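Read through the structure below, which is laid out as structure tokens, and then see the notes.
The values are calculated or read from the model by the stated rules, or taken from the named source; none is laboratory data. What you see is a predicted model, and the numbers here were worked out from it, not measured in a lab. Ideal geometry is used to build each Cβ from the backbone, glycine not excepted, and the neighbour counts take in all protein chains shown. Accessible surface is based on the protein model in full, side chains and every heavy atom, while ligands, DNA and RNA are left aside. Shrake-Rupley method; radii C 1.70, N 1.55, O 1.52, S 1.80 Å.
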Amino acid sequence: FFLSGVVCDIVNCELRAKSHFVQMGCQQRCLLTIILLLFIVISVCAITTTSSFIDKLALVLVRNRQQLVARSRGKNVFYTPGGKRELGESDEDALCRECLEELDVKLIRPSIKPYGVFQAQAFGKSEGTMVRMSCYSADYEGTLTASEEVEELRWVASDFSYDKLTVTGIMILEDLKAKDLID
């Protein structure tokens, strides 16, 4: 109530300057102030909630009934290759850029197909920070090669140790197994 009283005083000063608001009574100004405060609180909550999602794209690549996973330098878990989009990038553009950067291959754009969207707690981030991973399958040109940021590429089957995968990595592996795409 103290804060709303202070805000009411500020609004009173501001409203006096505008002739069409001068006619408002104190209760009306206070009600308007409370509505504005609620709007601010709701807006801040919405921004906080939205910012707790990490939006990523990934390439689900299956060969010989195994999935390709990557491990970053200095890390001990594997992930599905891909990354974050840059401002203004489409999914396709970001996926192509990330695969060139991480795997040194050029995706064949007409072959890019949606695979699925997976959402889970983000690996190595504070509790409640979620990653939403939009996955695609695609053909590529070139030879798969670990880039400077990737220490290791590995083909894995469904029996790969879950403690060496991110949560989304486990979800994707289980989905591939359920669809009988990997052993």
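Side notes on the structure shown:
- Count - residues of the range 102-113 that are touching a residue at least 12 places away in the same chain (Cβ under 8 Å), open to solvent by 80 Å² or more (accessible area, probe 1.4 Å) and at negative phi: 3
- In this structure, Y79 does not qualify as within 25 Å of L181 (Cβ to Cβ), open to solvent by less than 50 Å² (accessible area, probe 1.4 Å) and touching a Pro at 6+ places or on another chain (Cβ under 8 Å).
- Yes/no for V156 being open to solvent by less than 20 Å² (accessible area, probe 1.4 Å), over 16 Å from V62 (Cβ atoms) and among the β-branched types (V, I, T): no
- Selection from the range 125-141 of residues that are surrounded by 15 or more Cβ atoms within 10 Å (Cβ to Cβ) and either polar (S, T, N, Q) or assigned to a loop (DSSP other than H, G, I, E, B) (or both): S134, S137, A138
- Only one of the numbered conditions (1) out of contact with any helix residue (DSSP H, G or I) (no Cβ under 8 Å at 6 or more places or on another chain); (2) surrounded by fewer than 14 Cβ atoms within 10 Å (Cβ to Cβ); (3) in contact (Cβ under 8 Å) with a residue 60 or more places away in the chain; (4) not aromatic (F, W, Y) is not met by D180, and that is (3).
The rows are residues; the columns are (1) at pLDDT below 85; (2) surrounded by 14 or more Cβ atoms within 10 Å (Cβ to Cβ); (3) touching a Pro at 6+ places or on another chain (Cβ under 9 Å); (4) farther than 24 Å from F160 by Cβ.
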{"site": "T48", "(1), (2), (3), (4)": "yes, no, no, yes"}
{"site": "D55", "(1), (2), (3), (4)": "no, no, no, yes"}
{"site": "G83", "(1), (2), (3), (4)": "no, yes, no, no"}
{"site": "Y115", "(1), (2), (3), (4)": "no, yes, no, no"}
{"site": "F123", "(1), (2), (3), (4)": "yes, yes, no, no"}
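- So L144, is it assigned to a loop (DSSP other than H, G, I, E, B) and without any contact (Cβ under 8 Å) to a residue 12 or more places away in the chain: no
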